[in-house]
Amino acid sequence: MLAASVLSDSALEHYRGGFENPGMFAPLASAALALAGAARASRRPARPAPALPFGAACAVGAAGLGFHTYNLLRRPGGLSWGNLFYAAPLGAPVALSLAGLLGLAARELGRGAPTLARLPRRRALGLLTAAGLAGTSLEAALLHFRGAFHNPAMWLPVSLPPVAAALLAGAAAHPPEAAPRLTRLARACLNATAWLGVAGVALHARGVARQMGGWRNWSQNVLSGPPLPAPPSFSALALAGGAALELP
Amino acid sequence: MARRPRTGGGRAPDVFARGGWVPMREYPDSDEVDFAIVGAGAGGATLACKLAEAGFSVVVLEAGPFWRPLEDFASDEEAQQELYWLEERLTGGLDPIALGGNNSGWGVGGSTVHFSMISLRFRPEWFRARSLLGYGVDWPIGYDELAPYYEEAERALAISGPLRYPWGPPHRRYPYREHEMNAAGLVLARGAERMGVAWSPVPLATVSAPRGKSPPCVYRGFCNFGCSTNAKQSALVVWIPRALRAGAEVRDLAMAGRIELDAAGLASGVHYRRDEEWRFQRARNVVVAGYAIETPRLLLNSACARFPQGLANSSGLVGTHLTTHAGPGVWARFDEEIRWNKGPPNMAVCEHWNYADEGKDFDGGYAFMSQGPLPRAWAQLVATSQNLWGMALREAMLDYNHMSGLVAVAETEPRIQNRVTLAAKRDRHGLPVARVDFAYSDNDRRMQEHARRFMGRMLEAAGGRDLWSSEDTSHILGTCRMGASPDSSVVDADGRSWDVRNLWICDGSLFPTCGGVNPSLTIQALACRIGERIRRLSARGEL
Ligand SMILES: Cc1cc2nc3c(=O)[nH]c(=O)nc-3n(C[C@H](O)[C@H](O)[C@H](O)COP(=O)(O)OP(=O)(O)OC[C@H]3O[C@@H](n4cnc5c(N)ncnc54)[C@H](O)[C@@H]3O)c2cc1C
Ligand code: SF4
């Protein structure tokens, strides 16, 4: 789901950028492969999923971060708010790496590995998704700040997910029996965050409608309005976080 | 083109809907309203809103039409020429100012309907230019007094600006974030960084995110005409709807011709022409807000037995000390495509010489901005500055997408001989037309030369080639200046005439000096302050 969100988002943004650099196709290809890998793995859970597409997603994401940082710093103004708002976004390639990492983690879990990155599985996956949620929330904060928080609902994705992330990180640090209340609370917050991703799409659709010409001018406004594919990454991460809490 | 008034019958056009209407309160001419305001531009519309919201009865008389942006404004340079004040005026002096498109608006919203939305504050020292900087005259109010009203105007207009503006005292963050910089702005930015001077995105009165019924800017670049998107926060879409909601009446196509005085020497109302008919609106107070040419013209046209040389003119200063912003420009060709028509015309600014006082061979200051003229305006500039015509002009126009340039907003000195007077010629209403005489001082010329040199170096630093320069003027200010005493000014710090205490002025003609930035934010801040002052004076029974 995160890969799908990255795929459509980078497709839109790089389309807007006119695919000026051939490298701009890489995240598309990589996110598509990761998506295919994930789809295959979920159709045939018995067979081990290939690691390659997920590993590639991690690498392409890391390279993308490098490119985007370079692109940002060489613009006049350097590391300025204007460039953070409008230059190639730093958060997007990180999301691709995150999708790759989650894919790899799922693969390991599928193979029945007892630990991930030498941490207990529950804690590792919990921390990874918590970090992802916090990071995505940071990205939403930057972009909603750019939009001057003109709608009070724009505060939700910068307040709820960080709480969910903190609770998740806390709950995943203990075995489920040790902190049942914390786990329940974390789960509730994660569920709300998952729904936030859905509501976000509706709100972003309304944002597109508020552009000049509204949905009648969809071909332009889908590009210039708030991105429709962005909010579901909250749902994706919240679901992954929920899955982490299912682990013993 | 024959136009019919749109307001009346209890309603006014809805600026946010094609063919839409909003309810409007109306007053009969015979009602003595608290305030009759002449002109619905930056000064008049803002004051109308403030006064109506303070509970006064207000009638606004506006010579031009009440536009509906969504249906009246077109993305067509030619069709949009009707937004300017194109009634006849005479112009003279050694450096006659071209009047019309580049300085005067016509219609509800005034010149803000087609302004470039640059919204900058004055440098604090300019309010005491004579005492602190040694030139011009001091204003009767200081920056600190105006600062809260600057802020009020910035909030009302939802200015989209940078998080930190590099010049001037720190102030609260602009309500909306800066817009994405266009390539023409990046040229200025690159040049400034290579020369080691600061630059900034321009704080603009067009929204970068939705606001109420305004959608965000679509960067189509038709800002020097009516913004048909309604992203531009003009007086027409910001102050007028608020004024109407608070009970003000706006009469469009109502040309004020004369202010009447009663036996006691107080203003008793305004003679105005609407629908081919002369009418008289009675009022307890009259406010003139017709901008720096029409305001003195109306006062001079209202001469009467008690004030034979014009209303509020016992000092003899009405019409004098006209200032304009000189607009020297430098243009260069770039190898890469710039496409400078994308986005608002002025997106990056350098105010270095407004704040640095060393290294100047002139008094005063100037700012300069990146440019984005549309093809027709560009062709006109190339033709008149380069004397190109025919095939040569066509070839020059092929470079349109590769051009970039910088134009200054350069302060000129207030001088008594630069002035508005009445000509013998009469307009279609039978009123004497204005004659505007203007000449630059030596200081004004030195400043322009300095600006041309500095901007040229910046364009070269940014990679521009084949530089050439142009001349222009923009905003017109002064002519009814505010001041501390009746013999050196026309009105006091509240915009209140020294001679006729229920006659007020609230527009660009108040400026004693013009500073090196675009004036509309200061005009609106002054209007907010005057509105607040009137409310307080009234509460104290001193109106
Ligand atoms: C192309 C252009 C770009 C500009 N760009 C900027 C910019 O980027 N930033 C900035 O700060 N400023 C800019 N300005 C200048 C700014 O718009 C004006 O300085 C400001 O609007 C002046 O305000 P005002 O209230 O004095 O007059 P206006 O806003 O011009 O309003 C005067 C109104 O009075 C009406 N009127 C006049 N005489 C009469 C009468 N006798 N009876 C009835 N009505 C009358 C007129 O029709 C007009 O509507 C620009 C101007 C132009 C033309
Ligand atoms: S560029 Fe923005 S402000 Fe200018 S006309 Fe277009 S929408 Fe309006």
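Any read-out appearing in this document is the output of simple, stated calculations on the displayed coordinates, not a laboratory observation. These numbers were taken from a predicted model, which means no experiment stands behind them. So basically every Cβ, Gly included, is an ideal-geometry build from the backbone, and we count neighbours across all protein chains shown.
Any chance the stretch B:79-93 includes a residue that's in a loop (DSSP other than H, G, I, E, B), within 16 Å of ligand 2 (Cβ to nearest atom) and buried (at least 22 other Cβ atoms within 10 Å of the Cβ)?
To start, the set of residues in the stretch B:79-93 that are in a loop (DSSP other than H, G, I, E, B) comprises B:85-89, B:93.
Narrowing further to those that are within 16 Å of ligand 2 (Cβ to nearest atom): none.
No, that holds for no residue.
Got at least one residue in the stretch B:59-78 being within 20 Å of the chain's Cα centre (by Cα), small (Gly, Ala, Ser) and in a loop (DSSP other than H, G, I, E, B)?
The answer is yes, given that some residue of the stretch B:59-78 is within 20 Å of the chain's Cα centre (by Cα), small (Gly, Ala, Ser) and in a loop (DSSP other than H, G, I, E, B).
Kindly establish whether residue B:165 is of a type in the set (Ser, Thr, Tyr), within 14 Å of chain A (Cβ to nearest Cβ) and closer than 28 Å to residue B:363 by Cβ.
yes
Would you confirm whether or not the stretch A:70-88 contains a residue that is more than 14 Å from every other protein chain (Cβ to nearest Cβ) and over 18 Å from residue A:5 (Cβ atoms)?
Checked the stretch A:70-88: at least one residue is more than 14 Å from every other protein chain (Cβ to nearest Cβ) and over 18 Å from residue A:5 (Cβ atoms).
Of B:272, B:219, which residue is within 12 Å of ligand 1 (Cβ to nearest atom) and in contact (Cβ under 8 Å) with a residue 12 or more places away in the chain?
B:272
Looking at B:89, B:121 in this structure, which one is within 16 Å of ligand 1 (Cβ to nearest atom), among the basic types (Lys, Arg) and under 16 Å from the mean Cα position of the chain (by Cα)?
Testing whether each residue is within 16 Å of ligand 1 (Cβ to nearest atom), among the basic types (Lys, Arg) and under 16 Å from the mean Cα position of the chain (by Cα) leaves just B:121.
Quick one: count up the residues across the stretch B:316-356 that are among the basic types (Lys, Arg) and within 16 Å of ligand 2 (Cβ to nearest atom). Working first, answer last.
Going through the stretch B:316-356, the residues among the basic types (Lys, Arg) turn out to be B:333, B:339, B:342.
So of that shortlist, the ones also within 16 Å of ligand 2 (Cβ to nearest atom) come out as B:339, B:342.
The total comes to 2.
Could you count how many residues in the stretch A:218-246 are of a type in the set (Gly, Ala, Ser) and without any contact (Cβ under 8 Å) to a residue 40 or more places away in the chain?
Total meeting the criteria: 3.
Need the failing condition index for residue B:181 against (1) farther than 24 Å from residue B:516 by Cα; (2) facing another protein chain (nearest Cβ under 10 Å); (3) touching a Pro at 6+ places or on another chain (Cβ under 9 Å); (4) buried (at least 22 other Cβ atoms within 10 Å of the Cβ), just the number.
It is condition (1) that residue B:181 fails.
Among (1) within 16 Å of ligand 1 (Cβ to nearest atom); (2) in contact with a Gly (Cβ under 6 Å, 6 or more places away or on another chain), there is one condition residue B:204 misses while meeting the rest; what is its number?
For residue B:204, the failing item is (2).
Taking the options B:35, B:16, name whichever one is aromatic (Phe, Trp, Tyr), within 14 Å of another protein chain (Cβ to nearest Cβ) and either in a strand (DSSP E or B) or within 16 Å of ligand 2 (Cβ to nearest atom) (or both).
B:16
Kindly list the number of the only condition in (1) out of contact with any helix residue (DSSP H, G or I) (no Cβ under 8 Å at 6 or more places or on another chain); (2) hydrophobic (A, V, I, L, M, F, W, C); (3) away from ligand 2 (no atom under 16 Å from the Cβ) that fails for residue B:240.
Looking at each condition in turn, residue B:240 falls short on (1).
Output the residue which, of all residues in the stretch B:193-234 that are more than 12 Å from ligand 2 (Cβ to nearest atom) and either on the phi > 0 side of the Ramachandran plot or at the interface with chain A (Cβ under 8 Å from one of its Cβ atoms) (or both), is surrounded by the fewest Cβ atoms within 10 Å (Cβ to Cβ).
If we take residues in the stretch B:193-234 being more than 12 Å from ligand 2 (Cβ to nearest atom) and either on the phi > 0 side of the Ramachandran plot or at the interface with chain A (Cβ under 8 Å from one of its Cβ atoms) (or both), then B:196 is surrounded by the fewest Cβ atoms within 10 Å (Cβ to Cβ).
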